Amino acid sequence: MDSQLIKKTAQAIMASQRVVALTGAGISVESGIPDFRGPAGLWEKYDPMEYATIDAFLENPQKVWMMLREMGSIVGKAKPNPAHYALSKLEKMKLLNAVITQNIDNLHQASGSKCVIEFHGNNSKLVCLKCNRSYESRDVPLETLPPRCQCSGVLKPDVVFFGEGIPLDAHLAAQEEARKCNLMLVIGTSAVVSPACDLPVIAKGSGAKIVEVNLEETQLTRHTSDWILKGSASRILQAILEEIVEDEAKIRSR
Ligand code: NAD
């Protein structure tokens, strides 16, 4: 971990009027939820391009629900990790204005973050494709697939599949945050899924600094990011938070 870059990031956060975090699957890997890129069981078994498209769901909901049931049991057991908690602490300290997340796992809210823009929906709800009625996922038995509504319509998790549009409210709110922020932390995303990957570009075009936190470089690193903190999101965000807490203590004691 590069301690100079940690300090530089902590200072940039404290000096910026509006800070936004854009998070992806990488932030939840340390909570036990595999991302799409790493070598991990679930996505070796189910190719996301075969199972996570709306066409696949509509054509064969039972087949896609086999994957969703397995993913749901992993997500349902997952708890926030120090990276989620560091972001919620920064929000409480009034140093972070919003989290825009591509994740559907509800872990930002579970860690206490209040201003969370869910770009790809949330797995904790199911919606009926026929009458639009909404259910809590935990209340719906999954012995027989696909689960059905009282009206007999097929239930679908309230998440955005590949090939579906982004919920309008979330899309507009995320674009506004991207335009208004002075600093965007881009954490644990490969930045290849559109239109989420446009948000750092929008922020950069509006004059914001872009700081990536990732195990490896992404397609943003060379052209859009000002710098990258390489390493695990939980270690890096904790280190940034500690640096900020120390700096604030020094300022108070002066
Ligand atoms: P991705 O799987 O394409 O990329 C994950 C990125 O995180 C990679 O760049 C990887 O290097 C990085 N990463 C992995 N572990 C990390 C760690 N411990 N610390 C820091 N970085 C780490 O994820 P994406 O860009 O979010 O796109 C995948 C899509 O799939 C998203 O739309 C998302 O909705 C969905 N998805 C969500 C979840 C979830 O809700 N937890 C899980 C898998 C996929």
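Between amide H atoms placed 1.01 Å from N, distances below 5 Å from residue 209 occur with 183, 184, all of them 5 or more places distant or on a separate chain.
Toward the positive end of the charge dipole of the chain, with +1 on the Cβ of Lys and Arg and -1 on the Cβ of Asp and Glu, the farthest Cα among 80, 120, 142 is that of 80.
Around the amide H of residue 229, modelled in the peptide plane, lie the amide H atoms of 212, 213, 214, all under 5 Å away and 5 or more residues distant in sequence or on another chain. Placing a label point 7 Å from the Cα of residue 58 along the Cα-to-Cβ line, the residues of the range 156-176 whose backbone N sits under 13 Å from it are 161-165.
With θ taken as phi - 60° and the Karplus curve 6.51 cos²θ - 1.76 cosθ + 1.60 applied, the whole-hertz 3J(HN,Hα) list for the range 11-28 is 5, 4, 5, 5, 8, 8, 6, 10, 10, 10, 10, 10, 10, x, 3, x, 5, 9 Hz, x standing for glycine and proline.
When peptides 19-31, 150-162, 239-251, 85-97 are sorted by average Cβ neighbour count within 10 Å, with the highest value leading, the order is 19-31, 85-97, 150-162, 239-251. Annotation: per residue accessible area for the chain equals 49 Å², rounded to a whole number [probe 1.4 Å, protein chains only]. The value of relative contact order for the chain, using C-alpha pairs under 8 Å at least six residues apart, is 25 percent. Label-to-label distance, residue 164 versus residue 133, with points set 7 angstrom from Cα along the beta-carbon direction: 1.9 nm.
How large a share of the accessible area of the chain, in percent, is made up of carbon and sulfur atoms when the probe is 1.4 Å and the other protein chains stay in place? List each step's numbers first, then the result.
Working: 6300 of 12540 Å².
Carbon and sulfur: 50 percent of the exposed surface of the chain.
Assign unit charges at the C-beta atoms only (+1 for Lys and Arg, -1 for Asp and Glu), then state the dipole size of the range 163-245 relative to its Cα centre in Debye, rounded to the nearest 20.
Values: 7 positive and 11 negative charges, 45 e Å.
Rounded to the nearest 20 debye, it is 220 debye.
In a reduced charge model with +1 at each Lys and Arg Cβ and -1 at each Asp and Glu Cβ, the range 16-129 shows a dipole moment near 640 debye about its Cα centre. Straight-line cross-link partners of residue 89 among the lysines, defined as a Cα under 18 Å from its Cα and at least 8 positions apart when in the same chain: 7, 79, 114.
On the principal axes of its alpha-carbon atoms, the range 124-254 has extents of 64, 34, 27 Å, going from largest to smallest. Overall, the chain carries a charge dipole of about 720 debye about its Cα centre when +1 sits on the Cβ of Lys and Arg and -1 on the Cβ of Asp and Glu, all other atoms neutral.
The phi-based Karplus calculation (6.51 cos²θ - 1.76 cosθ + 1.60; θ = phi - 60°) puts the 3J(HN,Hα) values of the range 229-235 at 9, 8, x, 6, 4, 5, 5 Hz, whole numbers, x for Gly and Pro. How far is the Cα center of the range 196-246 from the Cα center of the range 33-97, in Å? Between the Cα centre of the range 196-246 and that of the range 33-97, the gap is 21 Å. Out of all DSSP beta bridges in the range 117-234, what portion is antiparallel? Express it as a percent rounded to 5. In the range 117-234, DSSP labels about 50 percent of beta bridges as antiparallel. Projecting the Cα positions of 106, 29, 6 onto the charge dipole of the chain (unit charges on Cβ atoms of Lys, Arg, Asp and Glu, taken about the Cα centre) puts 6 furthest along the positive direction. Our coupling estimate for the range 101-118, obtained by passing each phi through the Karplus curve with A = 6.51, B = -1.76, C = 1.60 and θ = phi - 60°, is 10, 8, 7, 10, 9, 6, 6, 5, 4, 4, 8, x, 5, 9, 9, 10, 9, 8 Hz, Gly and Pro reported as x.
Taking amide H atoms as placed 1.01 Å from N in the peptide plane, the amide H of residue 100 lies under 5 Å from those of 21, 22, 23, 117, each 5 or more residues away in sequence or on another chain. Accessible surface for residue 8 stands near 100 Å², nearest 10, in the context of the full protein assembly shown (1.4 Å probe).
The values are calculated or read from the model by the stated rules, or taken from the named source; none is laboratory data. No experiment lies behind these values; they were computed from the predicted model shown. Ideal geometry is used to build each Cβ from the backbone, glycine not excepted, and the neighbour counts take in all protein chains shown. These area figures cover heavy atoms from the full protein model, side chains too; ligands, DNA and RNA do not enter into them. Shrake-Rupley method; radii C 1.70, N 1.55, O 1.52, S 1.80 Å.
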